[in-house]
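The values are calculated or read from the model by the stated rules, or taken from the named source; none is laboratory data. All values derive from a computational prediction rather than experimental measurement. All Cβ positions, even for glycine, are placed from backbone atoms using ideal geometry, and neighbour counts span all protein chains on display. When the accessible area is computed, the model is the full protein with side chains, heavy atoms only, and any ligands, DNA or RNA have been set aside. Shrake-Rupley method; radii C 1.70, N 1.55, O 1.52, S 1.80 Å.
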Amino acid sequence: MTIFAVTYKYSDDVATRDALRTEHRDYLRGLADQGLLLVSGPFGPDDPAGALLLFRTDDRSHVDALVGKDPFTVSGVIADATTAEWEPVIGPLLAAL
């Protein structure tokens, strides 16, 4: 299986983001429970509003389909999402991947 890094850039619609946060996290938690999402989380408060997500799946189109169903994406909270294949080579997390 391949690892894909997805970067979310959030829109300025903080009210909708706040209203959908629980639904968004429940959706991602379900993907994690299936073994598709390895880890996700928002960037820090001093960085542009967005998040990083790491997926493990067979192909990029599957990742893009999963991102497309995220409640944040469906509602327009995600202003931009980029997906890149990622090849980790060094570090203690390799054993978990």
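Checking each residue in the stretch 1-57 for being in contact with a Phe, Trp or Tyr (Cβ under 7 Å, 6 or more places away or on another chain) and basic (Lys, Arg) picks out only ARG17.
Residue by residue, here is whether (1) exposed (fewer than 15 other Cβ atoms within 10 Å of the Cβ); (2) not acidic (Asp, Glu) holds:
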position	(1), (2)
ASP58	yes, no
LYS69	yes, yes
VAL77	no, yes
ALA81	no, yes
VAL89	yes, yes
LEU94	yes, yes
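The residue of the stretch 4-20 that is most open to solvent (accessible area, probe 1.4 Å), among those that are out of contact with any Asp or Glu (no Cβ under 7 Å at 6 or more places or on another chain) and in a strand (DSSP E or B), is THR7. Taking the criterion of being open to solvent by 50 Å² or more (accessible area, probe 1.4 Å), within 22 Å of ALA19 (Cβ to Cβ) and either of a type in the set (Gly, Ala, Ser) or without any contact (Cβ under 8 Å) to a residue 12 or more places away in the chain (or both), the residues of the stretch 43-56 that qualify are PHE43, PRO45.
Exactly one residue among GLU85, GLU23 is assigned to a strand (DSSP E or B) and at pLDDT 95 or above, and that residue is GLU85.
When the stretch 22-40 is examined, which residues are found to be under 13 Å from the mean Cα position of the chain (by Cα), farther than 22 Å from ASP59 by Cα and of a type outside the set (Asp, Glu)? Let's see the steps before the verdict.
Within the stretch 22-40, the subset under 13 Å from the mean Cα position of the chain (by Cα) is 24-32, 36-40.
Then keep just the ones that are farther than 22 Å from ASP59 by Cα; that gives 24-26.
Once the filter is applied, which keeps residues that are under 13 Å from the mean Cα position of the chain (by Cα), farther than 22 Å from ASP59 by Cα and of a type outside the set (Asp, Glu), the stretch 22-40 yields HIS24, ARG25.
Counting the residues of the stretch 4-19 that are among the hydrophobic types (A, V, I, L, M, F, W, C) and within 30 Å of ASP59 (Cα to Cα) gives 3.
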